[in-house]
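A short write-up of the structure that comes next.
The values are calculated or read from the model by the stated rules, or taken from the named source; none is laboratory data. Computed from a prediction, not measured in an experiment: that's the story for all the values here. Here the Cβ positions follow ideal geometry from the backbone for every residue, glycine too, while neighbour counts run over all protein chains shown.
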């Protein structure tokens, strides 16, 4: 048996590092970040607005719109709506932009994952 043959884990680790440095992987990370960071900032800003208005603009938030439904209740419900909207927009974005890149990276890494079976 040769002593210069790298251990299987070293070979796999080297392949993962090579995949991480590949153009497809770099593009995948860039594409994901292009969506996640602005959307996260927008959602936190929207949520912070709700909290700040609830704390400092009580009269405005207490304004009744229809019956006992006030601005605060509408803002609170819109938090749920915006969460589901972001999830829906992300699913569409991922299907068009992220999944094809991830599939290419996965195909390039196919040898590594098939050699060592499913994770679990």
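Brief remarks on what is shown
- Scanning the stretch 25-34 for residues that are touching a helix residue (DSSP H, G or I) at 6+ places or on another chain (Cβ under 9 Å) and farther than 30 Å from residue 11 by Cα turns up at least one hit.
Here's the yes/no breakdown for (1) at pLDDT below 95; (2) surrounded by 14 or more Cβ atoms within 10 Å (Cβ to Cβ); (3) under 25 Å from residue 109 (Cβ atoms):
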{"position": "5", "(1), (2), (3)": "yes, no, yes"}
{"position": "22", "(1), (2), (3)": "yes, yes, yes"}
{"position": "52", "(1), (2), (3)": "no, no, no"}
{"position": "72", "(1), (2), (3)": "no, yes, no"}
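- Which listed residue, of 60, 80, is part of a helix (DSSP H, G or I), in contact with a helix residue (DSSP H, G or I) (Cβ under 7 Å, 6 or more places away or on another chain) and surrounded by fewer than 14 Cβ atoms within 10 Å (Cβ to Cβ): 60
- Within the stretch 13-30, none of the residues are on the phi < 0 side of the Ramachandran plot and in contact with a strand residue (DSSP E or B) (Cβ under 6 Å, 6 or more places away or on another chain).
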